[in-house]
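The values are calculated or read from the model by the stated rules, or taken from the named source; none is laboratory data. All of these numbers come straight from a predicted model, not from anything done at the bench. Cβ atoms come from the backbone with ideal geometry, glycine included; neighbour counts cover every protein chain shown. Just so you know, the surface numbers come from the protein's heavy atoms only, side chains and all, with ligands and any DNA or RNA stripped out. Shrake-Rupley method; radii C 1.70, N 1.55, O 1.52, S 1.80 Å.
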Amino acid sequence: MSAVPGQTVGPFFHLGLACPQMNELVPPAHPRAVRLHGRVTDGAGAPVPDAVIEIWQADPRGHIVRRPGSLRRDGWTFTGWGRAATDPDGLYSFATLEPGSTVEGRPGFFAVTVLARGLLDRLFTRAYLPDDAEALAADPLLAALEPDRRATLITRRAGHGLVFDIRLQGADETVFLAYPRLRDAWT
Amino acid sequence: MNTQAEIDQEIEAAAQQPGGPQPRIDYAPYRSSVLRHPKQPLHLVDPESVELWAPAFGHRDVADDEADLTIQHAGTPLGERIVVTGRVLDGDGRPVAGQLVEVWQANAAGRYRHQRDQHPAPHDPNFTGVGRCLTGPDGTYRFQTIKPGPYPWRNHLNAWRPAHIHFSVFGTEFTQRLVTQMYFPGDPLFRYDPIYQSITDPKARELLVAQYDHDLTTPEWNTGYRWDVVLTGTHRTPLDTGDPS
């Protein structure tokens, strides 16, 4: 069957996609909360103030939880999914837990979706935890990339947070992903 | 600012280039796309770990009455009352059951309930333009709403968007995430709209156009439109289908 094409999320997405605490996978005061944040920029290096970032991740033990409650947070249930809109400076932020490794020896990562006004279809990428050099070196996706491009997928630690900037275009453009069935839908 | 005639020429030139069934993210007639699309090819990767699963939503997240956009205020919204329904299916034709569908739209006059929409058309105090529902066991979603109006934007001089409803849909895998727009049949603005025309394959862009369905129309109440949402295929193998934990 032919997959339905995507279209831009447009400028008025806050109306339909915004929910209270949608970017708080855990309350910011949670003892193990980490701040995943960054800036979304365009090909001129200007901030993108109307982007939506969604993350989907394992819990710290590497379990893929499948619990409802992301749109009506109860403050206790970790759902593994969150959504954030960028602010006028192109900044987004999540309060979450660090994703554990779901496969022995592999690095933990956030699966990331990027939507924006001006972006005609959604983009996928990954944001890896930066700490386990051995696991990062063994990761098949990262190993297939040139070192400078690989770096665009690895978060860096700053203060109590993990920083993941998203560059939609340009010299240090973020690596964006296609999956095989997605590619099939294009041919 | 360019004229519609200049944009028409660009749309026509772009239509000569072979395009796939997805929008071309590099599509200059839509001016905002110029600096906002990656120029490097997408990197093909086999999905793994969380990418093989989708987030779960349930009745905790969505109340039943959120599927009716006409009952969110004290009064009745102005405009043509419509039902929009269809099924969410994966690329192999299997229903996507119990999954979240989110919609947002302009009111009948073509105005969004959003501070950035400055189009001088009236707001409707009885219409917000936001709905959510969970798909049924056979993948069915259903919204009752008001037919949105077309509205102007500033891509070029005299730019108007065809009437549309924004849809946000999840599949059973992260890889199937879809955000798109549903259009209405026979809209005279299709040929002028760079967002719709960014899908350069005519058969593919017609997949975004709902069908009028008289069986969904009810006497003295609403007209009806049917639109099925087919997502991409899944990657999970039978070995993966157990509990992910």
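Output the qualifying pairs, or none if there are none: Cβ atoms under 9 angstrom, residues six or more apart or on different chains, first residue in the range A:151-163 and open to solvent by less than 20 Å² (accessible area, probe 1.4 Å), second residue modelled with pLDDT of 95 or more and of a type in the set (Asp, Glu).
Taking only residues 6 or more apart or on different chains, the pairs are A:152/A:165; A:152/A:172; A:152/A:173; A:162/A:98.
Would you check if there is a residue in the range B:201-216 being touching a Lys or Arg at 6+ places or on another chain (Cβ under 8 Å), modelled with pLDDT of 95 or more and farther than 25 Å from residue B:160 by Cβ?
yes
For the range A:13-22, give me the residue count where each residue is buried (at least 22 other Cβ atoms within 10 Å of the Cβ) and assigned to a loop (DSSP other than H, G, I, E, B).
Total satisfying the criteria: 0.
Report whether or not residue A:117 is over 23 Å from residue A:156 (Cα atoms), surrounded by fewer than 23 Cβ atoms within 10 Å (Cβ to Cβ) and free of Cβ contacts under 8 Å to residues at least 60 places away in the same chain.
Criteria not met by residue A:117.
Quick check: anything in the range A:137-144 part of a loop (DSSP other than H, G, I, E, B) and either of a type outside the set (Val, Ile, Thr) or open to solvent by less than 60 Å² (accessible area, probe 1.4 Å) (or both)?
Within the range A:137-144, one or more residues are part of a loop (DSSP other than H, G, I, E, B) and either of a type outside the set (Val, Ile, Thr) or open to solvent by less than 60 Å² (accessible area, probe 1.4 Å) (or both).
Can you say whether residue B:178 is buried (at least 21 other Cβ atoms within 10 Å of the Cβ), under 30 Å from residue A:55 (Cβ atoms) and either within 14 Å of chain A (Cβ to nearest Cβ) or at pLDDT 95 or above (or both), as far as the supplied structure shows?
yes
Give the range A:84-107 a look and list any residue that's touching a Leu at 6+ places or on another chain (Cβ under 8 Å) and either buried (at least 22 other Cβ atoms within 10 Å of the Cβ) or of a type in the set (A, V, I, L, M) (or both), or say none.
A:85, A:94, A:95, A:96, A:97, A:99, A:107
How many residues are within 7 Å of chain B (Cβ to nearest Cβ) and part of a loop (DSSP other than H, G, I, E, B) if we restrict to the range A:164-182?
Residues in the range A:164-182 being within 7 Å of chain B (Cβ to nearest Cβ) and part of a loop (DSSP other than H, G, I, E, B): 6 in total.
From the list B:169, B:84, B:96, which residue is aliphatic (A, V, I, L, M) and under 26 Å from residue A:50 (Cα atoms)?
B:169
Enumerate the strands (runs of 3 or more DSSP E) found wholly within the range A:51-123, keeping only those where 2 or more residues are under 26 Å from residue A:11 (Cα atoms) and at the interface with chain B (Cβ under 7 Å from one of its Cβ atoms).
Output list reads A:109-116.
State all residues of the range B:108-141 that are among the aliphatic types (A, V, I, L, M), within 12 Å of chain A (Cβ to nearest Cβ) and open to solvent by 30 Å² or more (accessible area, probe 1.4 Å); if no residue qualifies, say none.
Matches in the range B:108-141: B:134 only.
Considering only residues that are within 12 Å of chain B (Cβ to nearest Cβ) and out of contact with any Lys or Arg (no Cβ under 6 Å at 6 or more places or on another chain), which ones fall in the range A:128-148?
A:128, A:139, A:140, A:141, A:143, A:144, A:145, A:146, A:148
Could you check, for the range B:94-107, whether at least one of its residues is more than 19 Å from the chain's Cα centre (by Cα), within 14 Å of chain A (Cβ to nearest Cβ), modelled with pLDDT under 95 and in a loop (DSSP other than H, G, I, E, B)?
There is no residue in the range B:94-107 that is more than 19 Å from the chain's Cα centre (by Cα), within 14 Å of chain A (Cβ to nearest Cβ), modelled with pLDDT under 95 and in a loop (DSSP other than H, G, I, E, B).
Residues of the range A:94-139 being more than 10 Å from the chain's Cα centre (by Cα) and among the small types (Gly, Ala, Ser), which ones?
A:95, A:100, A:101, A:105, A:108, A:116, A:118, A:133, A:135, A:137, A:138
If you go through the range B:27-68 one residue at a time, how many are within 8 Å of chain A (Cβ to nearest Cβ), aliphatic (A, V, I, L, M) and either assigned to a loop (DSSP other than H, G, I, E, B) or buried (at least 17 other Cβ atoms within 10 Å of the Cβ) (or both)?
Residues flagged as within 8 Å of chain A (Cβ to nearest Cβ), aliphatic (A, V, I, L, M) and either assigned to a loop (DSSP other than H, G, I, E, B) or buried (at least 17 other Cβ atoms within 10 Å of the Cβ) (or both) within the range B:27-68 amount to 8.
Quick one: in the range A:103-117, of everything that is out of contact with any strand residue (DSSP E or B) (no Cβ under 9 Å at 6 or more places or on another chain) and not aliphatic (A, V, I, L, M), which residue is nearest to residue A:5 (Cα to Cα)?
Residue satisfying both the conditions and the ranking: A:106.
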